[in-house]
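One structure below.
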Amino acid sequence: MQSTDGKEKKSTREILHQTALKAPSQSGVYLWRNAQNSVIYVGKAKNLKNRLSSYFAGNKDIKTRMLISNAVSIEYITTKNEYEAFLLENNLIKKYSPRYNIDLKDGKSYPVLRITNEEYPRLFKTRNVLKDGSRYFGPYPDASALDMFIDTLYKIYPLRHCKVFRKKDTPCLYYHMGQCKAPCCGKISKESYNDYFGEISSLLEGKGDETRRKVEDEMKASAARLDFEKAARLRDGLRALSIMQNQNVVEGFDSEDRDYIAYDREGELVSFTVLKIREGKLLGRDNYRVISLSEEDELVSEFLSAYYTRKEELPPFIYLPNQRDYQLLSSWIKDNFDSDTKLYVVDQEGGIEKKHKAAMEMAFFNAKEDIKRRLRERGDMPAMEELKNLLGLGKLPVRIEGFDIAHIGGKFPVASLISFYNGNPDKKNYRYFRLKTTDGYIDDFMSMREAVSRRYTRLLNEQADLPDLILIDGGIGQVNAVYEILEALDLDIPVAGLAKRDEEIWLPHGEKPICLPKRSDALRLLQRVRDETHRFATSRNQRLRTKENVVSIFSQIDGIGPKKEKLLLEHFSTIKKLSESPVDEVISLLSISEEKALSVIAQAVKLSQERDEKKEVQKKSLNQAGTTAQNAYEAGKIADAADWLQKRFEEGL
């Protein structure tokens, strides 16, 4: 064993690096310690020197920088082979419980259903089991399925909703809605009310087919007694129970028990999902949130050694994501538990990925969703800090506003504005703009100018807070177009563009883009903003297309009803094509006289000309907007410039 002593703070990194360079080129386990001499991370390596030296090579991600910044010394223990290193690592993790290793003791507990020990009970979901005489059912791995089941029970049974039971003279709204029998007002006897909970308990007691048969027998007996109301309740209760029990069924697998393990990570945050398949059904879904600084190829082995602690917990088969240590793990399971559990890698070449793809995709999806929730809960501080340094911003980009343009061949142009706060979507501040200056032709630069002008003219007029950063979905051309408008409005808001092809970041008048590594936190945040602006713009454009197709320009022609309007739309698609069509074609299509056909074509010509004139006026107006607004600002007339811009857009209506 070898160690380093923490000297002056400014030289700690150098000391750590020298320790790494002096480590032997053989397998072993290494420990990082902090200033209090506590072990904060334990790792294993096939080659200690190479592994430890990698911590100090290149531009490391945030998780590695956190580890190095909190450490003052490194220790290592050599072993004969990598398998011995794995065993030793597992023992040391259990001994020290390091801060940056996987620890499952803080895993989320499963919810249970509680029926309170009261004169008139109530039921609800909880994660706390109290010794107060209440009845508990569960635990249930799928909380959302339990929520659905409880909601269904409240629809079937008229149970009280109030948290505290008090005698009253007047029943509440739930009584008048038929969702409560108002025991607080004496509208139902204690015996009749508790009969409901007897039925509910019957639904929840026992297992699988046993419960179903028991409730079905009672349902038939109630029907025989002509108690059809109770029989209907039991029938609906069985359906609700079936929903909860079969909420997560993966079809097409055989009846052998197995676990599927997948994970997702963002920096030091790692979320694992374990799907438990038993008798062909997904009966459990365990989510574990951990903080780990391990490398990708170490995460699964570290998790398995913490997750499986007894032989009884091991299923016959465990399926893993791409994992180079699966043979080592198989040996560990055999030696440590004397178990014949087999490990398989789902995406291994020539493996079994097709048969089990659905289950593994579900596991990965759950892990990714949990990472998204964790990022929302904490805010994406690492990404904002990296973005601040990268773009040279004066403060953290806490509020980011993103713009994108969507249209179909120039028709129905829409600009989306989305807002991110603390690195997460702030949907109450989403906006969209139905563009007026580019309706009918394609000009993304002009479209972006209009959207930005309208947005920040309004914020200036309202003296509202401005964003810390504007992100444009596009390259240098779109960025410069937006920058010109911001200059015209005398606004000093940083602006950047993210180009889709190579994920390049462009700044105003930049000669070359900024290219970040794929795992960059800053790039990930910008991609999230960009993707959300695109989604929001596209969805709005599609709704406008649907609305426009319902009420089209063809309906403005006199004598054209819904049926003929549909024929014109399907045959000509645009008013311009109709205006240029032969009379005989219109007569044949609509089965009308020549006189009426000429009238239809004449009106189409007029409507087409009006649309073309409107586009030309709008185009000229916006071309003048920047110059006029700039002149107004130079004279100190902010309100005049804002009003002028707004007036130009209103004239384009």
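The values are calculated or read from the model by the stated rules, or taken from the named source; none is laboratory data. Note that the structure is predicted; figures quoted are calculated from it, not measured. Cβ placement follows ideal geometry from the backbone for every residue including glycine, while neighbour counts extend to all protein chains displayed. When the accessible area is computed, the model is the full protein with side chains, heavy atoms only, and any ligands, DNA or RNA have been set aside. Shrake-Rupley method; radii C 1.70, N 1.55, O 1.52, S 1.80 Å.
Suppose we keep only residues that are of a type in the set (Asp, Glu) and open to solvent by 40 Å² or more (accessible area, probe 1.4 Å) within the range 83-103. Which one would you say is modelled with the highest pLDDT?
The initial filter retains those residues of the range 83-103 that are of a type in the set (Asp, Glu), namely 84, 89, 103.
Going one step further and asking which of them are open to solvent by 40 Å² or more (accessible area, probe 1.4 Å), we end up with 84, 103.
Working: Glu84: 76, Asp103: 64.
Out of the qualifying residues, it is Glu84.
Lys167 versus (1) at pLDDT 75 or above; (2) open to solvent by less than 80 Å² (accessible area, probe 1.4 Å): which is the lone unmet condition?
Every condition holds for Lys167 apart from (2).
Pick out the one residue from Asn128, Asn117 that is open to solvent by 70 Å² or more (accessible area, probe 1.4 Å) and at pLDDT 85 or above.
On the way: Asn128 fails: at pLDDT 85 or above.
The match here is Asn117.
Could you say whether any residue in the range 600-609 is under 29 Å from Lys436 (Cα atoms), of a type outside the set (A, V, I, L, M), free of Cβ contacts under 8 Å to residues at least 40 places away in the same chain and surrounded by fewer than 12 Cβ atoms within 10 Å (Cβ to Cβ)?
There is no residue in the range 600-609 that is under 29 Å from Lys436 (Cα atoms), of a type outside the set (A, V, I, L, M), free of Cβ contacts under 8 Å to residues at least 40 places away in the same chain and surrounded by fewer than 12 Cβ atoms within 10 Å (Cβ to Cβ).
Given the structure, is Phe420 modelled with pLDDT of 90 or more, under 30 Å from Asp612 (Cα atoms) and open to solvent by less than 60 Å² (accessible area, probe 1.4 Å)?
Considered against the rule, which asks whether it is modelled with pLDDT of 90 or more, under 30 Å from Asp612 (Cα atoms) and open to solvent by less than 60 Å² (accessible area, probe 1.4 Å), Phe420 comes out as no.
Just need a number here: residues in the range 386-409 that are in contact (Cβ under 8 Å) with a residue 60 or more places away in the chain, open to solvent by 20 Å² or more (accessible area, probe 1.4 Å) and closer than 22 Å to Lys518 by Cβ.
3
Out of the residues in the range 420-448 meeting the condition of being closer than 30 Å to Glu386 by Cβ and part of a helix (DSSP H, G or I), tell me which one is nearest to the chain's Cα centre (by Cα).
Keep residues of the range 420-448 that are closer than 30 Å to Glu386 by Cβ, which gives 420-432, 444-445, 448.
With the extra rule that they be part of a helix (DSSP H, G or I), the set shrinks to 427-429, 444-445, 448.
Values: Lys427: 13, Lys428: 16, Asn429: 18, Asp444: 29, Phe445: 31, Met448: 27 Å.
This residue is Lys427.
What are the residue pairs meeting all of these: first residue in the range 151-164, first residue farther than 11 Å from Tyr120 by Cα, second residue open to solvent by less than 50 Å² (accessible area, probe 1.4 Å) and of a type in the set (Ser, Thr, Tyr), Cβ atoms under 6 Å, and 6 or more apart or on different chains?
Pairs found: Tyr157/Tyr196.
So Ser202 passes all but one of these: (1) in contact with a Lys or Arg (Cβ under 7 Å, 6 or more places away or on another chain); (2) closer than 21 Å to Pro121 by Cα; (3) at pLDDT 75 or above; (4) of a type outside the set (D, E, K, R). Which condition number does it fail?
So the condition that Ser202 fails would be (3).
Across the range 514-524, what is the total count of residues that are farther than 19 Å from Ile476 by Cβ, touching a strand residue (DSSP E or B) at 6+ places or on another chain (Cβ under 9 Å) and either part of a loop (DSSP other than H, G, I, E, B) or at pLDDT 90 or above (or both)?
Count: 0.
Checking Pro111 against (1) touching a Lys or Arg at 6+ places or on another chain (Cβ under 6 Å); (2) modelled with pLDDT of 80 or more; (3) of a type outside the set (Ser, Thr, Tyr): exactly one of these is not met. Which one?
Just one mismatch for Pro111, condition (2).
Quick one: is Thr538 at pLDDT below 85, within 30 Å of Val398 (Cβ to Cβ), open to solvent by less than 50 Å² (accessible area, probe 1.4 Å) and β-branched (Val, Ile, Thr)?
On the way: at pLDDT below 85: yes; within 30 Å of Val398 (Cβ to Cβ): yes; open to solvent by less than 50 Å² (accessible area, probe 1.4 Å): yes; β-branched (Val, Ile, Thr): yes.
Yes.
Looking only at the range 541-558, decide whether some residue is at pLDDT 90 or above, of a type outside the set (Gly, Ala, Ser), surrounded by fewer than 20 Cβ atoms within 10 Å (Cβ to Cβ) and within 22 Å of Asp426 (Cβ to Cβ).
Of the residues in the range 541-558, the ones at pLDDT 90 or above are none.
No.
Please determine, by comparing only the residues of the range 249-276 that are at pLDDT below 80 and surrounded by 20 or more Cβ atoms within 10 Å (Cβ to Cβ), which one is farthest from the chain's Cα centre (by Cα).
Applying the filter and picking the extreme gives Gly267.
If we keep just the residues of the range 155-164 that are under 11 Å from Arg233 (Cα atoms) and open to solvent by 10 Å² or more (accessible area, probe 1.4 Å), which is nearest to the chain's Cα centre (by Cα)?
Per the stated criteria, the residue is Lys155.
Conditions first: (1) open to solvent by 10 Å² or more (accessible area, probe 1.4 Å); (2) within 17 Å of Thr64 (Cα to Cα). Ser11 passes all but one, so which condition is the exception?
Answer for Ser11: the failing condition is (2).
Somewhere in the range 446-465, is a residue touching a Pro at 6+ places or on another chain (Cβ under 9 Å), polar (S, T, N, Q) and surrounded by 18 or more Cβ atoms within 10 Å (Cβ to Cβ)?
yes
Of everything in the range 324-347, what is assigned to a loop (DSSP other than H, G, I, E, B) and either open to solvent by 20 Å² or more (accessible area, probe 1.4 Å) or among the hydroxyl-bearing types (Ser, Thr, Tyr) (or both)? Give them in sequence order.
Kept after step one, since they are assigned to a loop (DSSP other than H, G, I, E, B), are these residues of the range 324-347: 324-325, 338-341, 346-347.
Once the filter is applied, which keeps residues that are assigned to a loop (DSSP other than H, G, I, E, B) and either open to solvent by 20 Å² or more (accessible area, probe 1.4 Å) or among the hydroxyl-bearing types (Ser, Thr, Tyr) (or both), the range 324-347 yields Arg324, Asp338, Ser339, Asp340, Thr341, Asp347.
Quick check: is even one residue across the range 352-372 open to solvent by less than 40 Å² (accessible area, probe 1.4 Å), modelled with pLDDT under 85, under 12 Å from Leu525 (Cα atoms) and in a helix (DSSP H, G or I)?
The answer is no; no qualifying residue exists.
What is the one condition in (1) at pLDDT below 85; (2) closer than 23 Å to Ala231 by Cα that Glu191 does not satisfy?
The failed condition is (1).
For the condition surrounded by 20 or more Cβ atoms within 10 Å (Cβ to Cβ), within 21 Å of Leu525 (Cα to Cα) and in contact (Cβ under 8 Å) with a residue 60 or more places away in the chain, what is the one hit in Leu498, Leu489, Leu471? Give the steps one after another, and end with the answer.
Details: Leu498 fails: in contact (Cβ under 8 Å) with a residue 60 or more places away in the chain; Leu489 fails: within 21 Å of Leu525 (Cα to Cα).
Being surrounded by 20 or more Cβ atoms within 10 Å (Cβ to Cβ), within 21 Å of Leu525 (Cα to Cα) and in contact (Cβ under 8 Å) with a residue 60 or more places away in the chain holds for just one of Leu498, Leu489, Leu471, which is Leu471.
Pull up the range 451-470, narrow it to residues that are acidic (Asp, Glu) and at pLDDT below 90, then point me to the one that is nearest to Asn429 (Cα to Cα).
Looking at the filtered set, the residue picked out is Asp465.
Kindly establish whether Phe303 is out of contact with any helix residue (DSSP H, G or I) (no Cβ under 9 Å at 6 or more places or on another chain) and buried (at least 19 other Cβ atoms within 10 Å of the Cβ).
yes
May I ask you to list the residues in the range 487-513 that are hydrophobic (A, V, I, L, M, F, W, C), modelled with pLDDT of 90 or more and touching a strand residue (DSSP E or B) at 6+ places or on another chain (Cβ under 9 Å)?
Ile493, Val495, Ala496, Leu498, Ile505, Trp506, Leu507 - these are the residues of the range 487-513 that are hydrophobic (A, V, I, L, M, F, W, C), modelled with pLDDT of 90 or more and touching a strand residue (DSSP E or B) at 6+ places or on another chain (Cβ under 9 Å).
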